[in-house]
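Colleague: One structure coming up, written as structure tokens, with questions to follow.
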Amino acid sequence: MLKIILYGGVDIREYRCRRTVNIEAAKRILRTLYKKDYIGAKHTSPVNTLKALQKHERGEGEKTLKQLKTLGYVIFHPTGYGTQISLNKKHIKEIEDFIDTP
């Protein structure tokens, strides 16, 4: 079983049990940002990223996005035209492994 190591050596599946991270929404959000190469300084609006989810899942997607920020996978960039997001390039290998797991 592939383990995704996070801050303090926590597996994301263990984190899910304690804090209820929506794994499917997290994969979809991370896959969208990775596929469109929003890594580091290249960023996009969170609204555009949440469009990858179905309409009834977008409320849960916003919570998942905040939890991904807490885990360090997503970086929030404050700009003059609103908050933007991108992937944390320090965790790209972990994100790739997480996206590829079934």
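Please treat every number below as a calculation from the coordinates, not as lab data. Just so we're clear, the structure is a prediction, and the values are computed from it rather than from any experiment.
Colleague: Quick one: plug the Kirkwood hydrodynamic radius of segment 7-100 (C-alpha pairs) into Stokes-Einstein at 4 °C, 1.567 mPa s, and report D in µm²/s.
Modeller: On the way: Rh = 13.3 Å.
For these conditions, the coefficient is 97 µm²/s.
Colleague: Okay, next question. By how many nm would the segment from Lys42 to His56 lengthen if fully extended, with 0.36 nm per residue of separation less the alpha-carbon distance?
Modeller: On the way: separation 14, 0.36 × 14 = 5.04 nm, distance 2.80 nm.
Result: 2.2 nm gained on full extension.
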